[in-house]
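Comments concern the structure below.
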Protein chains: 4
Amino acid sequence: MNSLGKNLRLTTFGESHGPAMGGIIDGFPPGFKIDFEFLQEEIDKRRPGSSALVTQRKEEDKPEFLSGITSGGITLGTPIGFIIRNKDQHSRDYADMSDIYRPNHADYTYDARYGLRDYRGGGRSSARETVNWVVAGALACQWLATKGIKIESVLTAAGQKDYNQLKEKLIQSPHSQISLQVPQEIQKTFEEEIMRAKREGDSVGGRVTCLINGLPAGLGNPIFSKFHASLAQAMMSINAAKAFEYGVGKEAPMFSGIQSADIFFTDTDKTIKTKTNFSGGIQGGITNGMPIFFDVTFKPTPTVLQELETVNSSGNKVTLKAKGRHDPCVAVRAVPVVKALAALVTMDFLIPSTEAYPVI
Amino acid sequence: MNSLGKNLRLTTFGESHGPAMGGIIDGFPPGFKIDFEFLQEEIDKRRPGSSALVTQRKEEDKPEFLSGITSGGITLGTPIGFIIRNKDQHSRDYADMSDIYRPNHADYTYDARYGLRDYRGGGRSSARETVNWVVAGALACQWLATKGIKIESVLTAAGQKDYNQLKEKLIQSPHSQISLQVPQEIQKTFEEEIMRAKREGDSVGGRVTCLINGLPAGLGNPIFSKFHASLAQAMMSINAAKAFEYGVGKEAPMFSGIQSADIFFTDTDKTIKTKTNFSGGIQGGITNGMPIFFDVTFKPTPTVLQELETVNSSGNKVTLKAKGRHDPCVAVRAVPVVKALAALVTMDFLIPSTEAYPVI
Amino acid sequence: MNSLGKNLRLTTFGESHGPAMGGIIDGFPPGFKIDFEFLQEEIDKRRPGSSALVTQRKEEDKPEFLSGITSGGITLGTPIGFIIRNKDQHSRDYADMSDIYRPNHADYTYDARYGLRDYRGGGRSSARETVNWVVAGALACQWLATKGIKIESVLTAAGQKDYNQLKEKLIQSPHSQISLQVPQEIQKTFEEEIMRAKREGDSVGGRVTCLINGLPAGLGNPIFSKFHASLAQAMMSINAAKAFEYGVGKEAPMFSGIQSADIFFTDTDKTIKTKTNFSGGIQGGITNGMPIFFDVTFKPTPTVLQELETVNSSGNKVTLKAKGRHDPCVAVRAVPVVKALAALVTMDFLIPSTEAYPVI
Amino acid sequence: MNSLGKNLRLTTFGESHGPAMGGIIDGFPPGFKIDFEFLQEEIDKRRPGSSALVTQRKEEDKPEFLSGITSGGITLGTPIGFIIRNKDQHSRDYADMSDIYRPNHADYTYDARYGLRDYRGGGRSSARETVNWVVAGALACQWLATKGIKIESVLTAAGQKDYNQLKEKLIQSPHSQISLQVPQEIQKTFEEEIMRAKREGDSVGGRVTCLINGLPAGLGNPIFSKFHASLAQAMMSINAAKAFEYGVGKEAPMFSGIQSADIFFTDTDKTIKTKTNFSGGIQGGITNGMPIFFDVTFKPTPTVLQELETVNSSGNKVTLKAKGRHDPCVAVRAVPVVKALAALVTMDFLIPSTEAYPVI
């Protein structure tokens, strides 16, 4: 099913080169004033063509809201339906490839699953789908902001360049006002990696780090709907995602139990906190009131502009040479997508305590 | 909710030191003959006290099946209810700790979430819960075996010792009859790491690698129920899990797009395969018929036998010195748990194609 | 949540006087050729203004399909998104009523639930929503037809006129080729009841009977997802529905256990059938291969064209006099809606046996 | 799936003549003190053998709680697992019938659905299952009582005797302190109907009316999870249920729109109420603060003690003569079952507003 969430549920549709993308946001609380400017800014961050680092496909992504909102921009509590028309569809670019299984793409598996597929631009498997998530996530971000919750995301690795120090800071200095700053010189190395790949017709992977500040303790369920398990499921839905980790993450075995014990203490404001944050703000699947942070690692864009050997749907060997626009590092455009999904998951956990039915 | 799965759904209950653990397996196909010996072997692998590496708590974990199975051991298609009595409960060991928030445990967060908790042995947050999963997973493994599907799991890191070569083999030689062998000399280094931690009253993290062989192409859903997203959600439910990755995983950015392209070819048996397996058997969220493999990284056991500073529920500073049994590396006991959950997720995806309603 | 179904799931949105209605059909099998003419006919049956019996609001309900279907009209297996623009919105007709709680409408309860509402034409509570269901139901009907399954629905009561004899025939003669014919003279009495109510500015209730032919035995789940329980939940979602009954229904106590025993026999084609059909084709929640039939009873249209006393949102007494278009018997327009929902529920139960994953 | 509910979810298991019945109650709020005496009384009301009107099978239904509750009887917020051992199983009574399809039972349909069945006492299709619901429902009733909500149910028809006046009172006098009293002389006619059927080895149907008092306005969702649609789905899950109706119900067409308009007024306590209650306390799927009432009609017990013609699993004609215990009117034992399910549904809708997460 093409749905995410239990209390706040996003259901989406759309093929990359079909008439439109779109979705239904169900469970959004009533009486909330939407800031459409902020919404458009979030969408624009994700948009291709916004810098040399990303594909030059030009999309004007203006969502049209069809329900759930008054003419004055106030939510009704009823489902919010929206669509985004697909434009600038160079479908002909793909005509030669209708029968070819591109390596590391979902062409072969979609054929195996469905018996047919929309080959134009990847159809349903295209990252174009993530525009739906960013629309919904932007609404969630606004709602969370009114509760004092702030979500940030940033690129922390590109190709073989990695800014490991950020995680160290998040763990060791959780009480400083850390935000997700990556020094400009590091950002420059990321850009160089990406531009080199682009020049070579190649692509590189990357990593996005996300930080959620302002969440209270007590969110999450103990067994199969742990806060981080829901995050993991959402993040692993992003195209090209290969790894999810939270807190100390994959480096956990580098530290012993004593070294990585997050010691509790009572802060001057009487709240209980931990001195370090190896836990990443979640213990036993439930938030502990500390900042939550996690990483998502992405593989290189499957599309490269060099010849690759592959097969067609008859199983015959063919040589593929992709043409046209090219996004050398999907992780760049995943930055706002990670944030959007984090907002949706967080709001899904928070809604029951703040909204819905009249309290008796 | 304490449930996992859609078509095959496991719902569980139980506190570590309550009367019993147990669960309901819903959606298991009818007419299947259960091998209770195999089942008990799987349970015994998870059991504490099975080697010096794990805690000495002695549990005789004999599940009692209460429904869904004929007296001859044939499934009825109706829900399979089972319980496992808790024994050997040294509840008094925990009495001093009823009010203390142990670092890296779920004591504080359970209190924040529920306002009270069963402090004995961690209550619902104890890894004791995983016995329920192993019972259900063992049934799933048997069923999968009849479809030619085999799941293996093995410890591939303990403390700072890591057997990276296994992933390399899984990626580069996917067509050899790889099974998850870890050389004995490597295993020995793992044991040394763990025993040293034990001697020091400390603990270490670790990693479990899992391999699913024999799955057909075409399983999984394209957007939010991608095959690997469901695996991620399940694996991140395991106590102490900090990272999930599949295929090349977190190392994805170490390779360029061209370097990590899994080239398609038609094998002598006319099936389409890939030469390498960076994808880990899943493309676009759907299986491609190649072996599926993934890693789960675990933090060190939170319980250590040295003094730790912490606070109690009043926020006052206290010093904690854990007593009693001690499991220095939870990853060891997670090996059969990872396998069990992998079996449940896989069977959940497979059921609709093989069972359920009469075909018209 | 605004969703119906598990394997075939319809999620909808739309306020009566908002920009558009619409929905997402998830889980529809791939490779199915859609007959758009049939689809439009089904939609037109539901449309207001199609006869003197129903409201004169003129809607041209042309769904626009935005995804999930190739340009050749073949389903892709991916979610089918569609919208239907709202036209002919006399929103000003409702301006006087923005603050008034109309009797038997959902004005007061929506305000209690959400704190605000779109008062124009009932907003989300309008029967306009059912156009979404008819779009999805028409696709389901086509798919079911290819499996030999046929669904019919008909008006069997209007006001105090009731055609009880139909149920008797369905029970006593289940093997004749019964279709849901209501004699013309009976239909005429229905029309008279409705037209009289219309003349008097009043409204009347009614009943719709639905028949599902061609279903195999074995569909349905034994406890909480009984075939008829899912039907009941769907049917009670229709605006103004007050009662659901299947088989002998509410008259069950008029017959003793012996009188209403559906005696099994083996037919000449070797299939097991029952001589009578008090059961309505479902026993223990599971279909038995006999025709399925059920009734849904509707209350009179809440809107009447006479003065009614009521209160406004401040609780002050006001007198309401509805103006404009008027649908004196909602049951008339519910006939295609009942059929559409029956098709969706039936297809939801059937899908697992016929579609989805590749069979190993 | 054998689950009911979203926020409060009951999942059950058990065959009539298997080792035990049982279930898991998930989502029950923490910190609630259970009254085990009340619980047992509710269970005993459902128990067979409690009067001459019902079957003489003697069950001592003592639930054993295995989790989710402290030794002091306080809920933990974690899943509540419970089992009830099956005793007094005259399985041999059923041995002759292992191959016979009993009319109006689920024998044939279970075989069609599953390919095999536990024939002893109906297996999973037995009304024995409802003991699980009464256990869970009794907990829900206690919790609802602390919110001022009271649920009652009563037998209002047996065989051809019907106490229609009760519904009339519920509609016309919703502000008197109505409780569900059936006059003793009417009760006597019910008993006579049942005892006559018993003497004749026959059985009769009946009807149960249920009243929910004390619910606030604003509960329920507008489209597919209408309050009454969830009630309908739950009630139609009860064995032998054939019809569900709420408010004026199936008699709705007997009244015109004007006759059945529930006129709003502001009561002396400033709350908005309706003068009559044709709506049954629900408008547009959402509660309006008035009493909620509904009816469930049951068919006669399928088991009768006279010879019936039928077929066996080979399709051969056989004559069936049931022996042993006999419950001539299932509706009698359904009275506490209707109440239990009503409590579960109501609590499911109420939980989000009162419990769960910490409010920010």
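The values are calculated or read from the model by the stated rules, or taken from the named source; none is laboratory data. Here the structure is a predicted model, which is why all the values come from computation and not from measurement. With ideal geometry, Cβ positions are generated from the backbone for all residues, glycine too; neighbour counts draw on all protein chains shown. Please note that ligands, DNA and RNA were not included when accessible areas were found on the heavy atoms of the full protein model with its side chains. Shrake-Rupley method; radii C 1.70, N 1.55, O 1.52, S 1.80 Å.
Tally time: how many residues in region B:119-162 are within 25 Å of B:LEU350 (Cα to Cα) and among the hydroxyl-bearing types (Ser, Thr, Tyr)?
3
For B:ALA127, state whether it is in contact with a Pro (Cβ under 7 Å, 6 or more places away or on another chain) and either open to solvent by less than 10 Å² (accessible area, probe 1.4 Å) or modelled with pLDDT under 95 (or both).
Working: in contact with a Pro (Cβ under 7 Å, 6 or more places away or on another chain): no; either open to solvent by less than 10 Å² (accessible area, probe 1.4 Å) or modelled with pLDDT under 95 (or both): yes.
Answer is no for this residue.
Give region A:241-250 a look and list any residue that's in a strand (DSSP E or B), facing another protein chain (nearest Cβ under 7 Å) and not aromatic (Phe, Trp, Tyr), or say none.
In the first step, residues of region A:241-250 are kept if they are in a strand (DSSP E or B); the result is A:241-246.
Applying the additional criterion that residues be facing another protein chain (nearest Cβ under 7 Å) yields A:242-246.
Hits for region A:241-250 are A:LYS242, A:ALA243, A:GLU245.
Looking at D:ALA157, D:ALA138, D:ALA106, can you tell me which residue is among the small types (Gly, Ala, Ser), within 17 Å of D:THR303 (Cα to Cα) and buried (at least 24 other Cβ atoms within 10 Å of the Cβ)?
Every option except D:ALA106 fails the conditions.
Listed residues D:ALA229, D:ALA241; which is over 23 Å from C:PRO302 (Cα atoms) and out of contact with any Leu (no Cβ under 8 Å at 6 or more places or on another chain)?
Values: D:ALA229 fails: over 23 Å from C:PRO302 (Cα atoms).
Just one listed residue meets the conditions, D:ALA241.
If I go through region B:110-124 residue by residue, how many of them are of a type in the set (D, E, K, R), crowded, with 24+ Cβ neighbours inside 10 Å and in contact (Cβ under 8 Å) with a residue 12 or more places away in the chain? Write out each step before concluding.
Here is the first cut: in region B:110-124, the residues of a type in the set (D, E, K, R) are B:111, B:113, B:117-118, B:120, B:124.
Remaining after also requiring crowded, with 24+ Cβ neighbours inside 10 Å: B:113, B:117-118, B:124.
When the remaining residues are screened for being in contact (Cβ under 8 Å) with a residue 12 or more places away in the chain, the result is B:118, B:124.
Residues flagged as of a type in the set (D, E, K, R), crowded, with 24+ Cβ neighbours inside 10 Å and in contact (Cβ under 8 Å) with a residue 12 or more places away in the chain within region B:110-124 amount to 2.
Spot the failing condition for C:SER237; the list is (1) out of contact with any helix residue (DSSP H, G or I) (no Cβ under 6 Å at 6 or more places or on another chain); (2) assigned to a loop (DSSP other than H, G, I, E, B), and only one is missed.
So the condition that C:SER237 fails would be (1).
Every residue in region C:62-77 that is at the interface with another protein chain (Cβ under 9 Å from one of its Cβ atoms), assigned to a loop (DSSP other than H, G, I, E, B) and touching a Phe, Trp or Tyr at 6+ places or on another chain (Cβ under 7 Å), please.
Hits for region C:62-77 are C:LEU66, C:SER67, C:GLY68, C:LEU76, C:GLY77.
Answer with yes or no whether B:ALA229 is more than 8 Å from every other protein chain (Cβ to nearest Cβ), more than 30 Å from A:SER314 (Cβ to Cβ) and open to solvent by less than 10 Å² (accessible area, probe 1.4 Å).
no
Quick one: in region D:251-275, which of the residues that are in contact (Cβ under 8 Å) with a residue 12 or more places away in the chain, at the interface with another protein chain (Cβ under 7 Å from one of its Cβ atoms) and not in a loop (DSSP other than H, G, I, E, B) is least open to solvent (accessible area, probe 1.4 Å)?
D:ALA252
Hey, any hits in region D:283-302 for a residue that's within 30 Å of C:VAL330 (Cα to Cα) and acidic (Asp, Glu)?
Yes, region D:283-302 contains a residue that is within 30 Å of C:VAL330 (Cα to Cα) and acidic (Asp, Glu).
Can you work out which of the residues in region D:204-217 that are at the interface with another protein chain (Cβ under 8 Å from one of its Cβ atoms), under 14 Å from C:PRO253 (Cα atoms) and not in a loop (DSSP other than H, G, I, E, B) is least open to solvent (accessible area, probe 1.4 Å)?
Within region D:204-217, the first condition is being at the interface with another protein chain (Cβ under 8 Å from one of its Cβ atoms), and the residues that meet it are D:204-207, D:216-217.
Within this subset, residues satisfying the condition of being under 14 Å from C:PRO253 (Cα atoms) are D:204-207.
Still in the running and not in a loop (DSSP other than H, G, I, E, B): D:206-207.
On the way: D:GLY206: 0, D:ARG207: 16 Å².
Of everything passing the filter in region D:204-217, D:GLY206 is least open to solvent (accessible area, probe 1.4 Å).
Of all residues in region A:234-247, how many are open to solvent by 10 Å² or more (accessible area, probe 1.4 Å) and in contact (Cβ under 8 Å) with a residue 60 or more places away in the chain?
Of the residues in region A:234-247, 2 are open to solvent by 10 Å² or more (accessible area, probe 1.4 Å) and in contact (Cβ under 8 Å) with a residue 60 or more places away in the chain.
What number goes with the only condition from (1) in contact with a helix residue (DSSP H, G or I) (Cβ under 6 Å, 6 or more places away or on another chain); (2) open to solvent by 20 Å² or more (accessible area, probe 1.4 Å) that C:GLU168 does not pass?
Unmet for C:GLU168, out of (1) in contact with a helix residue (DSSP H, G or I) (Cβ under 6 Å, 6 or more places away or on another chain); (2) open to solvent by 20 Å² or more (accessible area, probe 1.4 Å): (1).
Is it fair to say B:ILE238 is more than 17 Å from B:LYS169 (Cβ to Cβ) and within 7 Å of chain A (Cβ to nearest Cβ)?
In short, no.
Which one of C:LEU308, C:LEU341, C:LEU350 is of a type in the set (A, V, I, L, M) and within 16 Å of the chain's Cα centre (by Cα)?
Testing whether each residue is of a type in the set (A, V, I, L, M) and within 16 Å of the chain's Cα centre (by Cα) leaves just C:LEU341.
Could we say that D:PRO222 is at the interface with chain C (Cβ under 7 Å from one of its Cβ atoms) and under 28 Å from D:MET1 (Cα atoms) here?
Numbers: at the interface with chain C (Cβ under 7 Å from one of its Cβ atoms): yes; under 28 Å from D:MET1 (Cα atoms): yes.
Criteria met by D:PRO222.
When region A:8-24 is examined, which residues are found to be more than 15 Å from A:THR130 (Cβ to Cβ) and more than 8 Å from every other protein chain (Cβ to nearest Cβ)?
Selection gives A:LEU8, A:HIS17.
Cβ-Cβ distance below 8 Å, separation of 6 or more or different chains: which pairs start in region D:311-340 with a residue that is among the polar types (S, T, N, Q) and end on one that is open to solvent by 30 Å² or more (accessible area, probe 1.4 Å)?
Qualifying pairs under 8 Å: D:ASN312/D:ASP99; D:ASN312/D:VAL318; D:SER313/D:ASP99; D:SER313/D:ASP111; D:SER314/D:ASP99; D:ASN316/C:THR266; D:THR319/D:GLU307; D:THR319/D:GLU309.
Do we find that B:PHE28 is buried (at least 22 other Cβ atoms within 10 Å of the Cβ), in contact with a Pro (Cβ under 9 Å, 6 or more places away or on another chain) and facing chain D (nearest Cβ under 10 Å) in this structure?
Working: buried (at least 22 other Cβ atoms within 10 Å of the Cβ): yes; in contact with a Pro (Cβ under 9 Å, 6 or more places away or on another chain): yes; facing chain D (nearest Cβ under 10 Å): no.
For B:PHE28, the condition - buried (at least 22 other Cβ atoms within 10 Å of the Cβ), in contact with a Pro (Cβ under 9 Å, 6 or more places away or on another chain) and facing chain D (nearest Cβ under 10 Å) - is not met.
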